[in-house]
């Protein structure tokens, strides 16, 4: 028996990973206590996803455990220690806005929780591949110093600049405003690197841009495309925060990310870091995403603009994928932003109908 331990197993990335690796014949032990509902309210609960996994995924074993609970995590790892070959750590407090309201909770979940899992892996499964879903917020607002050009619906980088193909892993994480969330994720990121470099474990940090897909429980504070499409489909008013709505993000479908995880699992390295997102293939501004949502739903989105941007928010961020693709050349981004939004709409419209204001 080969076991994958996946934290945040009912979240967007965790659920996708659970289904994928279970389909490969692995036993998946999912660790998830639905803290997302604590962070963002009942609408953001992942309980529905957890219920689906229990019903639909053969070999799935659920643990309603907090990643900060060292004794419980050790018990879980000890139970499966001979068979653990993969640990995917997706559980996190993911919003830099929310982090400012409860800094201690944010830091202990993101940093201390990661340390607990690394220690459990080192003690019980030192040969397992350990994958962290990190974030582009480790770079703080440093990307905002790049030379940007304002267009009609988006900001773009000067085409002569070295970052024209996206932000690379050599971009500095110093001398910038990170948000408290960014700081807690930097701590987790560096821990994962250090356990790879110091202890020789097979660890990797995927510094992700916007991750999305139909299983995302999107909210105003986290889950850009999923929440935007929910607003468009259900008649909920959407608020655009700052930068004239022209801020640009790359967007990666969760299934494309999991295929990247699988590439690393098949040929792991120690203490690696990869920027990961939609790259130059899949990106959009907020204004462009609104237009796509209106096209897909055939409804005008009710939205308002607030000039004040979120503190430390990026104006333009696209991931440079060249390092990962040089190490794992079989991998490609397969979903465009339009593909992602259409799938989110088609797979969730029935679940949203009771919230709809005017959805045909």
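Taking residue 121 as the residue in question, decide whether it is part of a helix (DSSP H, G or I), over 30 Å from residue 310 (Cα atoms) and modelled with pLDDT of 95 or more. Criteria met by residue 121. How many residues, within segment 34-59, are in contact with a helix residue (DSSP H, G or I) (Cβ under 8 Å, 6 or more places away or on another chain), outside any helix (DSSP H, G or I) and farther than 28 Å from residue 2 by Cβ? The number of residues fulfilling the criteria is 1.
Pairing each residue of segment 288-308 that is without any contact (Cβ under 8 Å) to a residue 40 or more places away in the chain with any residue that is assigned to a helix (DSSP H, G or I), provided the two are 6+ apart or on different chains, yields C-beta distances under 6 Å for 300/294. When you check residue 255 against the structure, is it closer than 30 Å to residue 126 by Cβ, out of contact with any strand residue (DSSP E or B) (no Cβ under 9 Å at 6 or more places or on another chain) and either in contact (Cβ under 8 Å) with a residue 12 or more places away in the chain or surrounded by 21 or more Cβ atoms within 10 Å (Cβ to Cβ) (or both), yes or no? Answer is yes for this residue.
Restricting to segment 31-60, what's the tally of residues that are touching a strand residue (DSSP E or B) at 6+ places or on another chain (Cβ under 9 Å) and surrounded by 17 or more Cβ atoms within 10 Å (Cβ to Cβ)? Quick ask: steps written out before the conclusion?
Kept after step one, since they are touching a strand residue (DSSP E or B) at 6+ places or on another chain (Cβ under 9 Å), are these residues of segment 31-60: 31-33, 36, 39-41, 43-44, 50, 53-54, 57, 59-60.
Now restrict to residues that are surrounded by 17 or more Cβ atoms within 10 Å (Cβ to Cβ): 31-33, 36, 39-40, 44, 50, 53, 57, 60.
Counting residues in segment 31-60 that are touching a strand residue (DSSP E or B) at 6+ places or on another chain (Cβ under 9 Å) and surrounded by 17 or more Cβ atoms within 10 Å (Cβ to Cβ) gives 11.
Of all residues in segment 11-30, those satisfying the criterion of being over 15 Å from residue 58 (Cβ atoms) and in contact with a strand residue (DSSP E or B) (Cβ under 7 Å, 6 or more places away or on another chain) are 12, 13, 14, 17.
Is there a residue being surrounded by fewer than 20 Cβ atoms within 10 Å (Cβ to Cβ) and part of a helix (DSSP H, G or I) anywhere in segment 131-139?
No, the conditions are met nowhere in segment 131-139.
When 342, 325 are screened for being free of Cβ contacts under 8 Å to residues at least 60 places away in the same chain, under 26 Å from residue 135 (Cα atoms) and touching a helix residue (DSSP H, G or I) at 6+ places or on another chain (Cβ under 6 Å), only 342 passes.
Determine, yes or no, whether residue 101 is in a loop (DSSP other than H, G, I, E, B), out of contact with any helix residue (DSSP H, G or I) (no Cβ under 8 Å at 6 or more places or on another chain) and within 28 Å of residue 241 (Cβ to Cβ). Spelling it out, residue 101 is indeed in a loop (DSSP other than H, G, I, E, B), out of contact with any helix residue (DSSP H, G or I) (no Cβ under 8 Å at 6 or more places or on another chain) and within 28 Å of residue 241 (Cβ to Cβ). Please verify whether residue 183 is at pLDDT 95 or above, within 21 Å of the chain's Cα centre (by Cα), farther than 25 Å from residue 284 by Cα and surrounded by 24 or more Cβ atoms within 10 Å (Cβ to Cβ), treating the condition exactly as stated. Answer is no for this residue. Looking at the structure I just gave you, is residue 227 on the phi < 0 side of the Ramachandran plot, part of a helix (DSSP H, G or I), buried (at least 18 other Cβ atoms within 10 Å of the Cβ) and modelled with pLDDT of 95 or more? Criteria not met by residue 227.
Output the residue which, of all residues in segment 60-89 that are part of a loop (DSSP other than H, G, I, E, B) and modelled with pLDDT of 95 or more, is farthest from the chain's Cα centre (by Cα). So the residue we want is 83.
Are any residues in segment 16-29 farther than 17 Å from residue 208 by Cα and within 17 Å of the chain's Cα centre (by Cα), and if so, which ones?
Scanning segment 16-29 gives 18, 19, 20.
Of all the numbered requirements in (1) in contact with a strand residue (DSSP E or B) (Cβ under 6 Å, 6 or more places away or on another chain); (2) surrounded by 22 or more Cβ atoms within 10 Å (Cβ to Cβ); (3) outside any helix (DSSP H, G or I), residue 92 misses one, and that requirement is (1).
Would you check if residue 120 is buried (at least 20 other Cβ atoms within 10 Å of the Cβ) and in contact with a strand residue (DSSP E or B) (Cβ under 6 Å, 6 or more places away or on another chain)?
Details: buried (at least 20 other Cβ atoms within 10 Å of the Cβ): yes; in contact with a strand residue (DSSP E or B) (Cβ under 6 Å, 6 or more places away or on another chain): no.
Considered against the rule, which asks whether it is buried (at least 20 other Cβ atoms within 10 Å of the Cβ) and in contact with a strand residue (DSSP E or B) (Cβ under 6 Å, 6 or more places away or on another chain), residue 120 comes out as no.
Considering 279, 312, 271, 245, the condition of being at pLDDT 95 or above, within 20 Å of the chain's Cα centre (by Cα), surrounded by fewer than 21 Cβ atoms within 10 Å (Cβ to Cβ) and more than 21 Å from residue 14 (Cα to Cα) is satisfied by 271 alone. Annotation note: of 341, 321, the sole residue that is under 27 Å from residue 176 (Cβ atoms), under 18 Å from the mean Cα position of the chain (by Cα) and surrounded by 14 or more Cβ atoms within 10 Å (Cβ to Cβ) is 321.
The values are calculated or read from the model by the stated rules, or taken from the named source; none is laboratory data. Note that the structure is predicted; figures quoted are calculated from it, not measured. Cβ: placed from backbone, ideal geometry, glycine included. Neighbour counts: every protein chain shown.
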